[in-house]
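Have a look at the structure below, then the notes.
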Amino acid sequence: MGIFITRTLRYDVNSNKIFESYPSSESGVSYAYDILKQITEIQHPDGAHRTYVYDSPEVTETDERGNSTVYRKRSINPTYLFRAVSA
């Protein structure tokens, strides 16, 4: 008999991943989205979180330590390629 490693994934009605467990654990990472299906927060079980604020064409990402980086979407290609414009 082999060793089984399980992982739980949960999705909302819009097919956005809202939870991913750590391997063989009930705890894991939660995800939140805005009405446009853009990720707005990643929450870790220890309370640390990463947030995203969208103000077209920029996205501000604030990491778990409170550091913010602003990304600007390239207007040439609509595939959401970003480059950092501040750190």
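Listed here are the residues, each with its yes/no results for (1) in contact (Cβ under 8 Å) with a residue 12 or more places away in the chain; (2) of a type outside the set (Ser, Thr, Tyr); (3) closer than 26 Å to residue 8 by Cβ.
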| site | (1), (2), (3) |
| --- | --- |
| 27 | yes, no, yes |
| 34 | yes, yes, yes |
| 38 | yes, yes, yes |
| 41 | no, yes, yes |
| 52 | yes, no, yes |
| 62 | yes, no, no |
| 65 | no, yes, no |
Next on the checklist: So, in the range 11-26, how many residues would count as being farther than 15 Å from residue 46 by Cβ, hydroxyl-bearing (Ser, Thr, Tyr) and within 17 Å of the chain's Cα centre (by Cα)?
Outcome noted: 2
Checklist entry - Within the range 46-75, how many residues turn out to be under 14 Å from the mean Cα position of the chain (by Cα), closer than 21 Å to residue 7 by Cβ and assigned to a loop (DSSP other than H, G, I, E, B)? => result 1
Checklist entry - Tell me, which residue of the range 40-73 that is aliphatic (A, V, I, L, M) and in contact with a Lys or Arg (Cβ under 9 Å, 6 or more places away or on another chain) is surrounded by the fewest Cβ atoms within 10 Å (Cβ to Cβ)? => result 48
Checklist outcome for this item: Note: among 83, 10, 72, just one is among the charged types (D, E, K, R) and at pLDDT 90 or above, namely 10
Checklist entry - Counting only residues that are exposed (fewer than 13 other Cβ atoms within 10 Å of the Cβ) and in a strand (DSSP E or B), how many does the range 11-20 have? => result 1
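The values are calculated or read from the model by the stated rules, or taken from the named source; none is laboratory data. As the structure is a computational prediction, the values presented were derived from the model and not from experiment. In this analysis, Cβ positions are derived from the backbone assuming ideal geometry, glycine residues included, and neighbour counts consider all displayed protein chains.
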